[in-house]
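What follows is a set of notes on a single structure, which appears directly below.
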Amino acid sequence: MKMRPIGAAMAVALCAGAGAAQEAADAAAAGRDLAERWCAACHAVADDQPVAADAARPFAAIAADPAATDAGLRAAMATPPHPAMTDPGLTEDAMRKIIVYIRSIGG
Ligand code: HEC
């Protein structure tokens, strides 16, 4: 009986952790879909995609670059050559998910 409160607390902690991990996985998957739709014309958004435009770094390279902060990614998305980024379809939520996806391939 003494173990019970601890066990319950651990169960709650484990569930909370699993929920957050699931949320991140969902956001990354949604971000990949969005990236394939909005970004793949120029960037290689996944390993299995051939490089589309020389000047646009593959997302894996961006993910591996310690200088590429979240704020930097947002700023890049909002400046040329990213005219599509001004489309109302690319919402704040979509940008957040794309960033989660880019982070998820960073390793
Ligand atoms: C029309 C082609 C095009 C599309 C579509 C495009 N990009 Fe880019 N992107 C570029 C080019 C070209 C550069 C390099 C710009 C430079 O070096 O000034 C770039 C640079 C970037 C950078 C800065 C990368 C770095 O090397 O640090 C980020 C971040 C980025 N793009 C994200 C995105 C995201 C996210 C999307 C989709 C929502 C997207 N881009 C769609 C062409 C594109």
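The values are calculated or read from the model by the stated rules, or taken from the named source; none is laboratory data. Not measured: the values here are computed from a predicted model. Don't worry about glycine lacking a Cβ; one is built from the backbone with ideal geometry, like all the others, and counts go over all protein chains shown. All accessible areas refer to the heavy atoms of the entire protein, side chains included, with ligands and DNA or RNA removed. Shrake-Rupley method; radii C 1.70, N 1.55, O 1.52, S 1.80 Å.
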**OP:** Sort 54-62, 29-37, 74-82, 98-106 for me by packing, meaning the mean count of neighbouring Cβ atoms within 10 Å per residue, highest on top.
**Re:** 98-106, 29-37, 54-62, 74-82
Original post:
Three principal axis extents, largest first, for the C-alpha atoms of region 24-104, in Å?
Top reply: 28, 27, 24
Original post:
With charges set only on the Cβ (+1 for Lys and Arg, -1 for Asp and Glu), what does the dipole of region 24-104 come to about its Cα centre, in debye to the nearest 20?
Top reply: 140 debye
Original post:
Taking all protein chains as present, what is the carbon and sulfur share of the accessible area of region 16-107, in % to the nearest whole number, probe 1.4 Å?
Top reply: 62 percent
**OP:** For His82 paired with Ala64, estimate the spin-label separation in nm (one decimal), with each label point 7 Å from Cα along the Cα-to-Cβ line.
**Re:** 2.2 nm
